[in-house]
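Structure first, commentary second.
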Amino acid sequence: MPRPAPTAPPEPNPFFTKWPAPFGVPPFDQVKTEHYLPAFRTALAGQLEEVRAILENPEPPTFRNTIAAFEASGAALDRVSAVFSAMVELDADEGLERAALAVAPLLSNHQDDLLADAALFERIARVRQAGGAGLDPEDRTLLEKTWRRFRRGGAELPRAGQARLRALNTELALLELKYDDNLKRETGAFQLVIHRRRDLEGLPERELAAAQERARMAGLAGSWVFDLHGPCLWPFLEHAGNRGLRRQMLQAYLARCDGGDGRDNAPLAARIAALRCEKARLLGYPTFAHYALEEKMARTPEQAFLLLDRIREPALRRARAEGGEYQALLEADEPRARLEAWDWRYYATRARRTRLGADSDGLRPYFPLEQVQAGAFHTAGLLYGITFTERPDLPTYHREARAFLVRDGDGRFLGIYFTDHHPRPGKRGGAWMGNFRRQCMPGGRDQRPVVYSAANFPRPRDGTPSLLSPEEVRTLFHEFGHALHALLSRCRYRSLSGAAAAMDFSEMPSQIMENWAVEPKCLAQYARHWQTGAPLPRNLAEGLREGVRFNQGFLTSEYLAAAYLDLEWHSLREPAPPDAAEFEEDCLIRMGLPAEIPPRYRLPSFPQSLAGECAAGYYDYLWAAVLDSDAYQAFREKGDPFDPGTALALRTHILEKGASEDPLELFRRFRGRPPVLEPLLRKRGLE
């Protein structure tokens, strides 16, 4: 008999080999979708073995052999998870989405297995009962967070309670994935197809060219196609003179996943709320909001509501004044017409153009993406002395991603920073920062981070570079602030490093960076006309700085509406599914939101709340805005937005500390006192 042909050895899984690229950059060119599931299974089993070694240690439990050892476990799992979760958001295809559905229950069950381990929790509790003598602040933080993680994970529940918690976590993981997938598909499915040029009055040529390109790709050459992604939707609502088409676009956006087409998220939102409510009560909390906020700066939903309530009336008062101004502009166009939600941004843009000298679109030529990115790098250099050097030799996960080597002022290596700025199929909307590798110090060795910033800014087109609006400029600086929080981190423990802090604190380092985006010294460096190189005219620069206060009644009120909606949805005390539409309407009535201002998000289309880490925490951005406004005031009090001493204090007391100490104490150390609200009210013109 002929011998069988030799079979090729199985291709090595890159997650189990030494990565060839320097600086801990993943081998993106080697990782394939089929590698993830085996890598997860092996890494999950590996962490269980590491935990078993902790339990079999015959020595009495100590911080080092129990708390620090548990923190160190799962490094391989973190390696796989970091790359996988990033790629699901950055460049997913159907195969990766199927893998996400398979991985979600594995991770949920693994987490439940760990946190339900009575023997492990007993060791942790014994260390905590010993009082933490001899531990430094970061050790004590890790000890307390580890103990709370197990208690919040059901370690104290009886066996039946743990079984129910496991079922809740598994169902929630799958529901949240389904909710997010529905929203992605619904957002991508809508197209407004326009065949007549006269229906496009007011839209800038750049938007028209982009609409023609979308039409060409959809096989509708000769038409203009508009969709619900931010880079298309918001300029349309700001500039389109056709009121009926503005209405059609905004209503389509607000109606996403609210019934029809098998992508109705309202029942999913209700089910998620019910399961989260049951989970909280099972663990001994009155509501899921109490559970979610326990580890945040606010501590309780009552404290979060108090902040929202203090800002609500000033914001609504300012919004009513803005609405009166825009109503007058509308009546000049259409006598006796009533200002509606689809009119607000259009007439706000008109008013801004008159008052500040230009609207957002008119300023775009001064903000080429490359210059703005260089301006952000320059700003970080002025503040912290760090440098960014592009490294095209490093592997990337997509041809549009760019890698930069980051060094401190003394040449010390700080990390690798990827930028990824344009929309594409398989990439989620919005803007965010993430980690391919977190900073930590295993065995005393400083493992520096590999991080990325992602956005969906306009693409270059026909020889014109990507030109940003002022809002997009602030977005770039915002996400860059998150990246700096990760890159400057100097923490020993992976779970405490960088932007791992609670969101109502971790949004502060990102939001404070937005202040420098409009500082004259920064604008002079990067705000130059892409064709002539001319600097942004002084009157426009002054208008841009004044524009930070413009339309803030509307912007703050629509944000507050979503924050109230999220917090009240998760403050339900009964697990019976409510009617999402009725609940939403009642909430907005109680807030007093004018009909012409819709909430920034609705319950069927609120991924941060129903499918993300902001559940009961969308208020985070406003809480952090109080911190960032007060922190930036410290620079103003010195008379220099780049005061070296203040910048050093911000770096050492906040940016380097991650979640290693109590955030209120970190802020007090930086500012010399607790935060106050007044700088935020002045900044937004809400006094």
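Read the figures in this text as sums done on the coordinates, not as results from a lab. The model shown is predicted, which means the values in this text are computed figures rather than measured ones. Here the Cβ is made from the backbone with ideal geometry for all residues, glycine too, and neighbour counts use every protein chain on show.
Each residue of the range 674-687 was assigned a 3J(HN,Hα) from its phi angle through the Karplus curve 6.51 cos²θ - 1.76 cosθ + 1.60 (θ = phi - 60°); the sequence is x, x, 10, 7, 4, x, 5, 4, 5, 4, 8, x, 10, 4 Hz, with glycine and proline shown as x.
Length gained on full extension, residue 109 to residue 294, computed as 0.36 nm times the residue gap minus the Cα-Cα distance: 64.3 nm. Shown in residue order for the range 589-599 are the 3J(HN,Hα) couplings computed by the Karplus curve 6.51 cos²θ - 1.76 cosθ + 1.60 at θ = phi - 60°: 5, 4, 6, x, 5, x, 4, 7, 10, x, x Hz (x for Gly and Pro). For residue 436, nonlocal amide neighbours, meaning residues 5 or more places apart or on other chains whose placed amide H falls under 5 Å from its own, are 450, 451, 452. Relative to the longest principal axis of the chain, what angle (0 to 90°, nearest 10) does the C-alpha long axis of helix 118-129 take? That helix lies at roughly 80 degrees to the long axis.
Would you compute, from DSSP H runs of 4+ residues alone, the mean residue ellipticity of the chain at 222 nm, taking -39500 (n - 2.57) per run and dividing by the full residue count, rounded to the nearest 500?
Working: 27 runs with 376 residues, N = 687.
Helix-only estimate at 222 nm: -17500 deg cm²/dmol.
Here is the size of the range 19-156 from its Cα atoms: Rg then Dmax, 17.3, 52 Å.
Over all Cα atoms in the range 467-510, the spread is summed up by Rg and Dmax: 12.2, 40 Å.
Volume per residue of the convex hull around the Cα atoms, evaluated for the range 458-605, comes out as 189 Å³. Note on residue 549 and residue 255: the model spin-label points, each 7 Å out from Cα along the C-beta direction, lie 4.0 nm apart. A cut-off of 5 Å between modelled amide H atoms, ignoring neighbours fewer than 5 places along the same chain, links residue 242 with 201. Summing Lys and Arg as +1 and Asp and Glu as -1 over all other residues whose Cβ lies under 11 Å from the Cβ of residue 75 gives a net charge of +1.
Backbone N atoms of the range 96-117 closer than 20 Å to the 7 Å Cα→Cβ label point of residue 85 belong to residues 96-116.
Applying the Karplus relation 6.51 cos²θ - 1.76 cosθ + 1.60 with θ = phi - 60° to the range 399-409 yields 3J(HN,Hα) values of 4, 8, 7, 10, 10, 10, 8, 10, 10, 6, x Hz, where x marks Gly and Pro. Taking 0.890 mPa s as the viscosity and 25 °C as the temperature, the Stokes-Einstein diffusion coefficient of the range 385-480 based on its alpha-carbon Kirkwood radius rounds to 165 µm²/s.
Fewest first, what order do 485, 290 take by the number of other Cβ atoms within 10 Å?
Details: 485 27, 290 20.
So the residues, fewest neighbours to most, are 290, 485.
In a reduced charge model with +1 at each Lys and Arg Cβ and -1 at each Asp and Glu Cβ, the range 38-179 shows a dipole moment near 580 debye about its Cα centre.
About the Cα centre of the chain, how large is the charge dipole given +1 on each Lys and Arg Cβ and -1 on each Asp and Glu Cβ? Please answer in debye to the nearest 20. Please list the in-between numbers first.
Working: 91 positive and 94 negative charges, 153 e Å.
The calculated dipole for the chain is roughly 740 debye.
Extension gain for residue 393 to residue 164 (0.36 nm times residue separation, less C-alpha to C-alpha distance): 77.4 nm. Across the range 190-254, counting alpha-carbon atoms alone, Rg and Dmax equal 10.5, 28 Å. Residues whose amide H lies under 5 Å from that of residue 421, counting only those 5 or more places away or on a different chain, are 455; hydrogens are built 1.01 Å from N in the peptide plane. The orientation-averaged projected area of the convex hull spanned by the Cα atoms of the chain comes to 35.3 nm².
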